Structure formats: C-alpha cells, structure tokens
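Beneath this line is the structure, given in structure tokens, with notes to follow.
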C-alpha cells in the first residue's frame, strides 16, 4: 500500500464502500456529495493505493444449506518464526479456512473455518491438526448462532461529516 493523504471525501467514500461496494458510481457520488467523475477518480485512486483490497458479495449463510462454522484456537509446539510461518501457510491454503489471526497472549492462531458437515470437519481436523507434528493443542468452538457479523472497519471520526 502506498502512502496516501486522505481527506474527508475519501473517508466518506470508504465508509460508503464498506456499507455497499456494489452501488453505482452515480449513487455513491450522490451519497458523498461530489460529481460522478470526481467520485470515480477518487475510488480508482483508493483502489490503486491498496486501501480497497477487494470488493466481494457477502452471502446469507441461511440460504446456502446446512453449514458448520468453527472457531479454533491453535497452539504450536515450536514457536520459532519459521515454524509459525510454515504452519500459517498450510492453514491459509486450506479451502475450509475463512480467516486466520495470529494472536497474543494465549494460542498462536485463531482460525475461522466452515464446512458442510461433521464428516467434512473431521477431514479438516486430520489435515490441519492431527497430521501436523508442530500442533501442540487445539481448542474448538462450534458456532450455534451468529448474533452479529459486520466486516466494516471503524474509520476516523473526521470521516463522518464535511
């Protein structure tokens, strides 16, 4: 990411994109009170600078059929950076893993994973935990209800108004 100076308009654009990245440029421009051409130019600059990593569709999991969402705390046996990075690379490449966080204190990693059922989860356990000599301990939590999901990052207070 390049170093970019952001003004209030840029912050408002970022806030609107976090709320709905699929809205038309014309609508986005109206929301942040600039012309469509100015808005498009600014969005392109924000994307090119790396501030907008990607735009995705967030699907409602209740329409995808039964899913098993799992949170895992993973503690590694060997703590060297090379061991942590090697295990992290394995986890990042696994299709069941949606999110991976290095955390401190406590476990080394916290994972968010999703599978279709318990049989699928058992395969993930074998691939990521039991077959890995460096995994010392895992603690698994099965999600019963997702009470809140909001992927938006908090923005500076100066972004709220002109």
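Remarks
- Among residues of the stretch 91-109, those that are over 21 Å from residue 61 (Cβ atoms), in a loop (DSSP other than H, G, I, E, B) and either modelled with pLDDT of 95 or more or not assigned by TED's automatic domain parsing to the domain that holds residue 79 (or both), counted: 3
- Test for residue 135: is it farther than 26 Å from residue 54 by Cα and touching a helix residue (DSSP H, G or I) at 6+ places or on another chain (Cβ under 7 Å): yes
- Some residue of the stretch 60-68 being closer than 22 Å to residue 102 by Cα, at pLDDT 95 or above and either in contact with a strand residue (DSSP E or B) (Cβ under 7 Å, 6 or more places away or on another chain) or assigned by TED's automatic domain parsing to the domain that holds residue 19 (or both): no
- Any hit, the stretch 16-26, residues being assigned to a helix (DSSP H, G or I) and either more than 21 Å from the chain's Cα centre (by Cα) or more than 25 Å from residue 156 (Cβ to Cβ) (or both): yes
- In the set 46, 68, 51, 58, only one residue is within 30 Å of residue 140 (Cβ to Cβ) and buried (at least 16 other Cβ atoms within 10 Å of the Cβ); that residue is 68.
- Residues in the stretch 128-154 that are exposed (fewer than 12 other Cβ atoms within 10 Å of the Cβ), outside any loop (DSSP other than H, G, I, E, B) and without any contact (Cβ under 8 Å) to a residue 60 or more places away in the chain: 130 only.
- Qualifying residue in the stretch 110-127 (condition: in a loop (DSSP other than H, G, I, E, B), free of Cβ contacts under 8 Å to residues at least 40 places away in the same chain and either out of contact with any helix residue (DSSP H, G or I) (no Cβ under 6 Å at 6 or more places or on another chain) or surrounded by fewer than 11 Cβ atoms within 10 Å (Cβ to Cβ) (or both)): no
- Total residues in the stretch 8-24 satisfying the condition of being surrounded by fewer than 13 Cβ atoms within 10 Å (Cβ to Cβ) and either within 14 Å of residue 46 (Cα to Cα) or in contact (Cβ under 8 Å) with a residue 24 or more places away in the chain (or both): the figure is 2.
The values are calculated or read from the model by the stated rules, or taken from the named source; none is laboratory data. As the structure is a prediction and not an experimental result, all values here were calculated from the model. Positions of Cβ are generated from backbone atoms using ideal geometry, with glycine treated the same way; all protein chains shown enter the neighbour counts.
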